[in-house]
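Here is the structure we will look at.
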Amino acid sequence: METAPDFDALRAERNRKTMEAHQRLADELGVPLQTLRSNHNPNACYCACASGGPCEHKWDGEGVEFDEGRGWSATCSRCGGTAMSHDMRVLP
């Protein structure tokens, strides 16, 4: 039986790298880190589907209808992201 990934550790490493990237950008722009705005949610699901890694999403949230009823997507009950946006980011 395969051991479940340590998503807390994976998220922590991703968040560390994100903060380092934000700090490099702030330094490059010559502005304080606090003045940068980001939509990064440090508690969001960890997902490495694009590189074949583990994914923490749970596609059992409420569905979302769009395009005046001509489209529908499942949502992740953990982070609220849509399966449609996940797949557009992951699929080549």
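Taking G69, G80, G61 as the candidate residues, the one with maximal mean-square fluctuation in a Gaussian network model of the chain, Cα springs under 10 Å, is G69. Surface analysis of the chain yields an accessible area of 76 Å² per residue, using protein heavy atoms and a 1.4 Å probe. With N counted as the residues of the chain, its alpha-carbon radius of gyration over 2.2 N^0.38 Å works out to 1.32.
Ignoring the sites themselves, what is the longest stretch of the chain with no GluC sites (Glu not before Pro) in a DSSP loop and at most 11 other beta-carbon atoms within 10 Å? Maximal segment without exposed cleavage sites: 3-61.
Stretching the chain fully between W59 and V31 yields a gain of 6.2 nm (0.36 nm per residue, less the alpha carbon separation).
Taking every C-alpha pair closer than 8 Å and separated by at least 6 residues, the mean separation divided by the residue count of the stretch 19-92 gives a relative contact order of 19 percent.
When you filter the trypsin sites (Lys or Arg not before Pro) in the stretch 18-60 for DSSP loop state and at most 14 other Cβ atoms inside 10 Å of their Cβ, you are left with R37, K58.
The values are calculated or read from the model by the stated rules, or taken from the named source; none is laboratory data. Because the structure is predicted, anything quoted here is derived from the model rather than measured. FYI the Cβ positions are ideal-geometry reconstructions off the backbone, even for glycines, and counts take in every protein chain you see. Heads up: the accessible areas ignore ligands, DNA and RNA and are worked out on the full protein's heavy atoms, side chains in. Shrake-Rupley method; radii C 1.70, N 1.55, O 1.52, S 1.80 Å.
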